[in-house]
Amino acid sequence: MSMASQEHLDKMQLRQNYRNLWHTDLMGTIQADTPYCCLAFWCGPCVSYLLRKRALYNDMSRYTCCAGYLPCSGRCGESRCPEFCLATEVFLCFGNSVASTRFLLQDEFNIQTTQCDNCIIGFMFCLQQVACIFSIVAMIVGSQEIQEASQILSCLADMVYCTVCACMQTQHKIEMDKRDGMFGPPSVMAVPPFQQMSRLDQPYPPSAGYPPQPAYGYPPPQGYPAQGYPSSGYQR
């Protein structure tokens, strides 16, 4: 296993120890902001562009392809034309653009993903894999029945993919609404430093945007639950 792959695995493991929670989970996004969820469903790439730009505090000089989480990051001429590179990313690599914005917010504000959200995202990936396998089998066997089943399964997988991505983008938008004080008086904020991966030798990554996490037993920052660690119902 390469050093880069091991680093990404370590980052995924580290995210399981984040203490904060999304303002709303994937199941509640439709009810929380129905118009935006519909917009994200029908105009996913455009919404992904706007959310990434907003996640960077509208400072495109900080933009890196896929937020620095993929090997192509920093090698696409982002510094010369970040707007064009971001537009290319969201249209050609839509799924990666949504996931990168998600990782960016999680690492910036120490947000974990609940078990329910993980199940939904995992189901989406599994359904896509099953649809792909059925398509390959249909081409090999040449059966009309399997071909029809493959087409139905592929259509279902695409619908689930678009729906989950729309809910994820709505979740990101609501989280940034909380960050920007739209649910109450804004907390003291500081523009985070240039995009960079948090250090792996720290038990928890340094916070950015929100004030530093207080010691256990003291009130948490505004907008987060009053608890030192997530409840037993969430992923540890």
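Just so it is clear, none of the values below were taken in a lab; they were calculated from the coordinates. Predicted, not measured: the structure shown is a model, and the values here were computed from it. Ideal geometry is used to build each Cβ from the backbone, glycine not excepted, and the neighbour counts take in all protein chains shown.
Couple of notes before you dig in:
- For region 152-162, backbone phi angles converted through the Karplus equation (6.51, -1.76, 1.60; θ = phi - 60°) give residue-by-residue couplings of 5, 5, 5, 5, 5, 4, 5, 5, 5, 4, 5 Hz, Gly and Pro being listed as x.
- Viscosity 0.890 mPa s, 25 °C: Kirkwood-radius Stokes-Einstein D of region 91-162 over Cα pairs, µm²/s: 174
- Whole-Hz couplings from phi, Karplus 6.51/-1.76/1.60, listed for region 133-143; x for Gly and Pro: 5, 4, 5, 5, 4, 4, 5, 6, 6, x, 7
- Relative packing of 126-135, 167-176, which averages over residues the other C-beta atoms within 10 Å, highest first: 167-176, 126-135
- Long-range HN-HN contacts of C72 with modeled amide H, under 5 Å: none
- Model label zone, I146; criterion: amide N under 11 Å from point 7 Å along Cα-to-beta-carbon; scope region 115-136: 134-136
- Sequentially through region 85-92, phi angles give Karplus couplings (6.51, -1.76, 1.60; θ = phi - 60°) of 5, 5, 4, 5, 4, 6, 8, 8 Hz, Gly and Pro residues having no value and appearing as x.
- Cα-projected label distance for N118 with R75, points at 7 Å along beta-carbon direction, nm: 3.1
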